[in-house]
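Asker: Structure incoming, see below.
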Amino acid sequence: MLVLAWIHLFAAVLWIGGMLFLSLTLVPVLRQDSFASSCRPFFKAVALRFRRLVWMCILLLLVTGPLLLGRHVASPLAPTAWPPVVQAKLALVLLLLLLTAIHDLFLGPRVGRILGVPEENRSDRDRWLVGSSRWVPRLSLLLALGILLCAVTLARR
């Protein structure tokens with residue numbers, strides 16, 4: 001069980017740490033004027049590599065999570081009897097997985113195509129999509145931090 005917990009924690013740390021690095025370090029630096037002309041291809045390359053890492057982490061978390069669930073619940077087949085913190089964690093996990101899939105499979109590719117179109121040729125919907133796309137990673141990070149809070153609460157029980 002210790003190895004499973006370590007793998008689960010390692011995958012979560014990689015995913016959350018990467019989100020924190022991108023949002024608090026890389027993106028603010030790339031938004032500086034001195035990097036504006038060359039940042040898009042660089043950021044796209046970094047984001048695509050991080051996406052592969054994220055989905056590997058998700059796979060590890062989806063394999064190890066259910067195996068570790070028995071440590072915190074009496075019956076894995078009775079979710080209504082699970083402690084509220086376990087229910088909250090799993091609800092946040094489902095939301096994060098859904099948001100990640102939307103971002104990676106729809107929003108990211110669509111916004112990438114829109115950014116290749118000159119500003120004056122973009123529709124109002126395209127402008128809205130580009131503007132709102134900045135909030136998806138932020139919301140994902142908040143969900144991940146909520147999951148982390150639930151995990152710490154579970155570990156202290």
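Readers should treat all values here as calculations from the given coordinates under stated rules, not as data from a laboratory. These figures come from a predicted structure and were not determined experimentally. Neighbour counts run over all protein chains shown; Cβ positions are idealised from the backbone, glycine included.
Asker: Put one equal scatterer on each alpha carbon of segment 2-155, apply the Debye formula with no solvent term, and list log10 I(q)/I(0) at q = 0.11, 0.16, 0.21 1/Å to two decimals.
Answerer: Values returned for q = 0.11, 0.16, 0.21 Å⁻¹ are -0.52, -0.94, -1.40.
Asker: How far is helix 39-69 tilted off the main Cα axis of the chain, in degrees rounded to 10, range 0 to 90?
Answerer: With rounding to tens, the tilt is 10 degrees.
Asker: If R₀ is 35 angstrom, what is the calculated FRET efficiency for the pair Phe43 and Leu4, using the beta carbon separation as r and rounding to 0.05? Please list the in-between numbers first.
Answerer: Numbers: r = 34 Å, r/R0 = 0.98.
The pair Phe43/Leu4 has a calculated efficiency of 0.50.
Asker: Right, next: Please give the peptides 1-12, 70-81 ranked by average Cβ packing (other Cβ atoms within 10 Å per residue), highest first, as a rough proxy for protection.
Answerer: Working: 1-12: 14.0, 70-81: 10.7.
Ranked by mean Cβ neighbours within 10 Å, highest first: 1-12, 70-81.
Asker: Could I ask something else about it? For segment 2-155, with only Lys/Arg (+1) and Asp/Glu (-1) charged at the beta-carbon, what is the dipole magnitude about the Cα centre, in debye rounded to 20?
Answerer: On the way: 15 positive and 6 negative charges, 33 e Å.
Once rounded to the nearest 20, the dipole reads 160 debye.
Asker: Still on this structure: Using the alpha-carbon atoms, what tilt in degrees (0 to 90, nearest 10) does helix 84-102 show relative to the longest principal axis of the chain?
Answerer: Tilt relative to the chain: about 30 degrees.
Asker: Specify the inter-centroid distance of segment 9-27 and segment 135-155, based on alpha-carbon positions, in whole Å.
Answerer: 12 Å
Asker: Per the Kirkwood definition applied to all pairs of different Cα atoms, how many angstroms is the hydrodynamic radius of segment 1-84?
Answerer: Working: mean 1/r = 0.0657 Å⁻¹.
Across segment 1-84, the inverse of the average 1/r is 15.2 Å.
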